[in-house]
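Reading through the structure tokens given below for one structure.
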Amino acid sequence: DPHSDETEHLLADSLSSLATLIGLEGDFEHSLPHALAAQALYEKHNVAIGQIRVWRALGYAHLQLANYPEALKVHLSALQLAQDTGNQEEQVFALVRLGAVYSHSEDYRMALDSYYRALPIARKLGDELQEAMIYNSCSIEHRQLGEYTKALDYARRALEMFQRLGNRNWEINALGQLGDTLIKVGQYDEALVHLNQRAELTEGGEYRS
């Protein structure tokens, strides 16, 4: 019945949007059943983009609830379907989310592997903001591994791009990341410069040596 199919498709869209909104409010326990119901309807009607996008909400909820195996399963499924349908934007998103799950699981090498896989696709798409965010994530993972030279390299790349793109919130994040990493390697004067810049952008304050 075409009318029934259309109704179920609209219901799936509503459930998916509701799951996302509830998740944004931080109520991940109640986000899950809506996401699962939407996913079942999308799968029933073979709506690939719907499945992929509801997996965003589902995977994020599992991540926030520290259900890391489930989060990995969801994002791997999303990645596979995005690859099967040639959706490069969703491939990047799934890889970035996989990186986040691996990072929370303290598997920093696998997190880096995911980010490195996402990076050339983001570049190909011309998504400079996503590229800069991936650089920032790579910096964090290398820092976790004690690989400070690489961490600093990626932090500087991220900061330069965020400043060029005029993204204030991410510029603040990158300044903090760069400053903290410089402290790790004993470069206190340069760290203070970046942390003061961060303070000026956030509170108009100043770090003092």
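Please give the length that would be gained between Asn46 and Tyr188 if that part of the chain were fully extended, namely 0.36 nm times their separation in residues minus their C-alpha to C-alpha distance (nm, one decimal).
45.6 nm
Could you state the accessible area per residue of region 137-209 in Å², with a 1.4 Å probe and every protein chain left in place?
Per residue, region 137-209 has 57 Å² of solvent-accessible surface.
Whenever you get a sec, compute what percent of the accessible area on region 1-133 sits on carbon and sulfur atoms (1.4 Å probe).
On region 1-133, the fraction of accessible area on carbon and sulfur atoms equals 53 percent.
What ranking do 36-45, 124-133 get when scored by the average of other Cβ atoms within 10 Å per residue, highest first?
36-45, 124-133
Let's see if you can work this out: charge +1 on each Lys and Arg Cβ, -1 on each Asp and Glu Cβ, no other charges. What is the dipole magnitude of region 1-60 about its Cα centre, in debye to the nearest 20?
240
Please work out the average accessible area per residue across region 48-124, using the 1.4 Å probe convention, and give it in Å².
45
The values are calculated or read from the model by the stated rules, or taken from the named source; none is laboratory data. Since this is a predicted model, take the numbers as computed values, not measurements. Cβ atoms come from the backbone with ideal geometry, glycine included; neighbour counts cover every protein chain shown. Ligands, DNA and RNA are stripped out before the accessible areas are found, and what is left, the full protein with its side chains, is counted by its heavy atoms. Shrake-Rupley method; radii C 1.70, N 1.55, O 1.52, S 1.80 Å.
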